[in-house]
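The values are calculated or read from the model by the stated rules, or taken from the named source; none is laboratory data. Please read these numbers as outputs of a predicted model, since none were measured by experiment. Don't worry about glycine lacking a Cβ; one is built from the backbone with ideal geometry, like all the others, and counts go over all protein chains shown. Each accessible area value is taken on the protein alone, full model and side chains, heavy atoms only, with ligands, DNA and RNA left out. Shrake-Rupley method; radii C 1.70, N 1.55, O 1.52, S 1.80 Å.
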Amino acid sequence: MADSSQDTKPGGVLALAGGVGGAKLALGLSRVLAPEDLTVVVNTGDDEIFYGLHVSPDIDTVTYSLAGLANPETGWGFAGDTFNALETLGTLGADTWFGLGDHDLALHIRRSDMLRSGMTLSEVTLELSNRMGVRHPIVPMSDQRVSTVIESSDGEMPFQEYFVHRRSEPDVLGLRFDGVKLAKPAPVFAASIQNASAIVFCPSNPFLSVDPILAIPGTKVGIADSGVPRVIVSPIIGGQAIKGPAARIFETFANKPPSALAVAQHYAGLATHFVMDTVDEASRSEVEALGYTVLVTETLMTSEEHKIALAKAVCEMVGVPV
Ligand code: FO1
């Protein structure tokens, strides 16, 4: 499938990531690529204000993962965190359904302070991730506010209200990314679309984590026209999402049961390569028929070794030296 326009350009790998699954592959890529050869762009549609503080869950999940500070059980939040502030907030009458730990709150206090001083979310994220020991650039999809709103059987609600407070129970009837029309890709994101040698869609929820990024004007067409290999790593394995509501959302938005093939159809025309798990081998030819170059391999990342191995396989697939 690769034609001459697929020759890799100078420049690093641009990885697009959302929640926990995306952070796993982002970690793997950070272990095989130097900081100047990887840019991780993260969904901020899940951002929410709690207690007046700006919380960026997907940015924090990627940052904590690359810093080796992520809670290994949940994938989000600060490993070994305590919840004393949250407990006292509860006794003082505040809602406490969103599990913000004490170390995590320090990050949200600091980020909110820096944003209030006039820094952009890009600038704040770069400085705070650096201070946590992360050298690879972690970049928000935009410095403008974009809010994922779930239109559900129980009315419309912000993403965290749906995902955490309501435990993804209400039926999702529609999705909105409020503010996206006026949003611009963050400067480093826009630059990396221009000079990336390959673009990797980490195994994140296509509808909730990747589509907000692609909905920012100019990003989807920039990526499609980039002329470099674009790799989808399927977040659906054997018809299941490893985490989160991706599988159920497929029924609503893709009118079909979740599958690696359904993921490939969702991105058809945008990407050139597709990575799917060995359990989905049977649909390889159908995915190839969509025009993808396909790699079938182990994609379930349950250890750091798995994350590194998958990152290596993805880079090798598109000729990025690791
Ligand atoms: N997810 C939950 O299921 N329950 C929580 O209490 C929760 C708290 C939380 C705090 C900080 C943070 O950065 C993430 C948190 N998440 C929690 C995960 C978060 O809702 C999702 O990871 C993303 O928004 C979507 O992937």
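Looking at the stretch 84-107, which of its residues are more than 10 Å from the ligand (Cβ to nearest atom) and either crowded, with 18+ Cβ neighbours inside 10 Å or over 25 Å from the mean Cα position of the chain (by Cα) (or both)? Asn84, Ala85, Glu87, Thr88, Leu89, Gly90, Thr91, Leu92, Gly93, Ala94, Asp95, listed by residue number. Can you find even one residue in the stretch 218-236 that is part of a helix (DSSP H, G or I) and either within 16 Å of the ligand (Cβ to nearest atom) or among the basic types (Lys, Arg) (or both)? Within the stretch 218-236 (the criterion being part of a helix (DSSP H, G or I) and either within 16 Å of the ligand (Cβ to nearest atom) or among the basic types (Lys, Arg) (or both)), the answer is yes, since at least one residue qualifies. Picking from residues in the stretch 222-267 that are of a type in the set (Val, Ile, Thr) and open to solvent by 20 Å² or more (accessible area, probe 1.4 Å), the one that is farthest from Ser204 (Cα to Cα) is Thr252. Among the conditions (1) at pLDDT 95 or above; (2) open to solvent by less than 60 Å² (accessible area, probe 1.4 Å); (3) within 16 Å of the ligand (Cβ to nearest atom), the only one that Val139 does not satisfy is (3).
Residues being in contact with a strand residue (DSSP E or B) (Cβ under 6 Å, 6 or more places away or on another chain), within 22 Å of Gln240 (Cβ to Cβ) and of a type in the set (A, V, I, L, M, F, W, C) are represented in the stretch 282-291 by at least one member. Of all residues in the stretch 37-45, none are within 9 Å of the ligand (Cβ to nearest atom) and either over 12 Å from the mean Cα position of the chain (by Cα) or surrounded by fewer than 22 Cβ atoms within 10 Å (Cβ to Cβ) (or both). Taken together, the residues in the stretch 288-307 that are over 22 Å from Asn71 (Cβ atoms) and either assigned to a helix (DSSP H, G or I) or small (Gly, Ala, Ser) (or both) amount to 3. Against the definition (at pLDDT 95 or above and not hydrophobic (A, V, I, L, M, F, W, C)), how does Asp37 come out, yes or no? For Asp37, the condition - at pLDDT 95 or above and not hydrophobic (A, V, I, L, M, F, W, C) - is met.
Looking only at the stretch 65-76, filter to residues that are more than 8 Å from the ligand (Cβ to nearest atom) and either of a type in the set (S, T, N, Q) or at pLDDT 95 or above (or both); which one of those is surrounded by the most Cβ atoms within 10 Å (Cβ to Cβ)? This residue is Ser65.
Taken residue by residue, the stretch 179-193 has no member that is without any contact (Cβ under 8 Å) to a residue 40 or more places away in the chain, open to solvent by less than 30 Å² (accessible area, probe 1.4 Å) and not β-branched (Val, Ile, Thr). Return yes or no: is Asp171 modelled with pLDDT of 95 or more and loosely packed, with under 15 Cβ neighbours inside 10 Å? It is false that Asp171 is modelled with pLDDT of 95 or more and loosely packed, with under 15 Cβ neighbours inside 10 Å.
In this structure, does Val20 turn out to be at pLDDT below 95 and in contact with a Lys or Arg (Cβ under 9 Å, 6 or more places away or on another chain)? So Val20 passes the test.
Conditions (1) in contact with a strand residue (DSSP E or B) (Cβ under 9 Å, 6 or more places away or on another chain); (2) within 19 Å of Arg135 (Cβ to Cβ), marked per residue:
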residue: Gly12; (1), (2): yes, yes
residue: Leu66; (1), (2): yes, yes
residue: Gly75; (1), (2): no, no
residue: Gly80; (1), (2): no, no
residue: Thr88; (1), (2): no, no
residue: Gly93; (1), (2): no, no
residue: Gly101; (1), (2): yes, no
residue: His108; (1), (2): yes, no
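For the stretch 146-177, a tally of residues being outside any strand (DSSP E or B), away from the ligand (no atom under 15 Å from the Cβ) and in contact (Cβ under 8 Å) with a residue 24 or more places away in the chain returns 1. Of all residue pairs spaced 6 or more apart or on separate chains, those with beta-carbon atoms under 7 Å, a first member in the stretch 90-101 that is over 18 Å from Glu161 (Cβ atoms) and a second member that is within 7 Å of the ligand (Cβ to nearest atom) and open to solvent by less than 30 Å² (accessible area, probe 1.4 Å) are Gly101/Gly77.
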